[in-house]
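S.K.: Please see the structure below; I have some questions.
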Amino acid sequence: MKPEVYFSSIQGRSRSECFRELLNNMDGVLSRFKKGSFVGIKMTVGEKKNTGHIKPELVKILVENLKRRGARPFVFDTNVIYRGQRQNAVDHLNLAYQKGFTPDRLGCPYIIADSVFGTDSKTVKADFRHVKEIRVPSLVTVLEDLVVLSHITGHVMTGYAASIKNVGMGMASRAGKQVQHSSMKPVINASKCTLCGCCIESCPVSAVSELSRKAFINSNLCIGCGECIACCKFDAVQVHWHEDESIFAERMVEYASGILAHIRNKVFMDFALDITEECDCIAGSDPHIVEDAGILASTDIVAADKAAFDMLTKKTDIFSREGKIGVHQRQFEHAGEIGLGSTDYSLIEV
Ligand code: SF4
Ligand code: SF4
């Protein structure tokens, strides 16, 4: 039987009405979160100047719903590997509070799962094509109940990002994130480099330096985080898109599968609202490039992401920017190959 994907359209509804309608129609699904259970709500607040992320008022609607069931929800995220305010839990939490993700406004705590410096990282065995072990915060190894709230965006490496990315990358420890990025080894196209310095300043491991009045990447130091690709305005940082990024996408899918294998009850909610060309890790992306569609949800992570993708690609081609065509397709294909979920689904409009 095809997995069900619930869709609540934003047309004629406020955002809170749209989300409440979705949750009301998923009562049977949400009833699996029992009295007393600790339900982790995975989401991200995004970088400082990013405005497209899911807002605390919407998260609170879910928190209240879970609390009415007697569950003990908490919101969580992990630290990132690139430079910025989410690289450690102190700055990360301060940023979250500044953006309104306070316990008062959420109705529950906001937790950084992998400790102050992102060093809480356990290794769990896996058996995939690329990934033979996953590295995750210890919380992830004991979590039994999970709701993933994902803001749908474009993505500098995979073209499209929703729940698979939020889990595969977003629930890995910093060590796990680094492993997933390790196939990415960008190089500088010297003829395009203006030596603006952005990549040199933004590289978290000082792998970029100046050489003969151009930027130069030391591939022995590079951890493949993609920060230099995101910041270069001159298209001078280049990777082998189809090769490197497809492997990156496959690793991320395998990580998502390894992580979810240990979690009993899970629901994935994809917000097709304020869609941006780049993910929330990149500041200042314009959230108004695609018309809002609504919110989709499923117990099948692949079905949720694919249904949203199919819906949105009728309105925009931002997920298939030059170089990215095929990468998100590979993400879905590989997810099917390893049994993460189904690319086929039944859409239920609520
Ligand atoms: S960001 Fe681009 S243009 Fe600027 S120094 Fe780096 S490679 Fe050169
Ligand atoms: S060179 Fe680029 S991809 Fe490599 S670590 Fe530095 S910023 Fe990240």
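S.K.: May I ask you to list the aspartates and glutamates whose Cα is less than 20 Å away from that of Lys35, ignoring any residue fewer than eight positions away on the same chain?
M.R.: Qualifying aspartates and glutamates at Cα under 20 Å: Asp27, Glu64, Glu144, Asp145.
S.K.: Sorting check: for 339-345, 89-95, 311-317, which peptide has the highest mean count of neighbouring beta carbons within 10 Å, and how do the rest follow?
M.R.: Listed from highest to lowest mean packing, they are 339-345, 89-95, 311-317.
S.K.: While we're on this one: What is the ratio of the Cα radius of gyration of the stretch 187-238 to 2.2 N^0.38 Å, where N is its residue count, to two decimals?
M.R.: Against the compact-globule rule of thumb, the ratio is 0.96.
S.K.: Can you pick out the pairs among Lys132/Lys266; Lys122/Lys306; Lys2/Lys67; Lys34/Lys266; Lys233/Lys315; Lys49/Lys314 whose Cα atoms lie more than 19 Å from each other?
M.R.: Details: Lys132/Lys266 23 Å; Lys122/Lys306 30 Å; Lys2/Lys67 30 Å; Lys34/Lys266 13 Å; Lys233/Lys315 26 Å; Lys49/Lys314 29 Å.
Pairs exceeding 19 Å: Lys132/Lys266; Lys122/Lys306; Lys2/Lys67; Lys233/Lys315; Lys49/Lys314.
S.K.: Something else: From the Cα trace of the chain, what convex hull volume per residue do you get, rounded to a whole Å³? Spell out each step's value before the answer.
M.R.: Details: hull volume 43.1 nm³, N = 350.
Dividing the Cα hull volume of the chain by its residue count gives 123 Å³.
S.K.: Rounded to the nearest Å, what's the spacing between the alpha carbon centres of the stretch 15-34 and the stretch 38-106? Just the number, please.
M.R.: The distance from the Cα centre of the stretch 15-34 to that of the stretch 38-106 comes to 19 Å.
S.K.: Moving to a separate point now. Return the loop-located trypsin sites (Lys or Arg not before Pro) in the stretch 153-244 (DSSP other than H, G, I, E, B) with at most 14 other Cβ atoms within 10 Å of their own Cβ; answer none if there are none.
M.R.: Answer in residue order: Lys192, Arg213, Lys233.
S.K.: Only counting other Cβ atoms within 10 Å, I'd like Ile200, Ile81 sorted with the fewest neighbours first.
M.R.: So the residues, fewest neighbours to most, are Ile200, Ile81.
S.K.: Also, I was wondering about something else. Can you give the Rg to Rh ratio of the stretch 120-170, both from alpha-carbon atoms, with Rh computed by the Kirkwood formula? Walk me through the numbers before you get to the answer.
M.R.: Working: Rg = 12.8 Å, Rh = 12.6 Å.
For the stretch 120-170, the value is 1.01.
S.K.: What is the helix-to-structure angle for 89-98, meaning the angle in degrees between its Cα long axis and the longest Cα principal axis of the chain, kept from 0 to 90 and rounded to the nearest 10?
M.R.: Tilt relative to the chain: about 60 degrees.
S.K.: Relative to the longest principal axis of the chain, what angle (0 to 90°, nearest 10) does the C-alpha long axis of helix 56-68 take?
M.R.: With rounding to tens, the tilt is 40 degrees.
S.K.: Neighbouring Cβ atoms within 10 Å as the yardstick, rank Tyr97, Tyr160 fewest first.
M.R.: The fewest-first ordering by Cβ neighbours comes to Tyr97, Tyr160.
S.K.: Under the definition of Cα pairs under 8 Å and six or more residues apart, what whole-number percent is the relative contact order of the chain?
M.R.: Over the chain, the number comes to 25 percent.
S.K.: Report, in whole Å, the centroid distance computed from the Cα atoms of the stretch 325-349 and the stretch 110-189.
M.R.: Computed from Cα coordinates, the inter-centre distance equals 18 Å.
Every number in this text was worked out from the coordinates using simple rules, so none of it is lab data. Note that the structure is predicted; figures quoted are calculated from it, not measured. Glycine also receives a Cβ, built like all others from the backbone with ideal geometry; neighbour counts cover every protein chain displayed.
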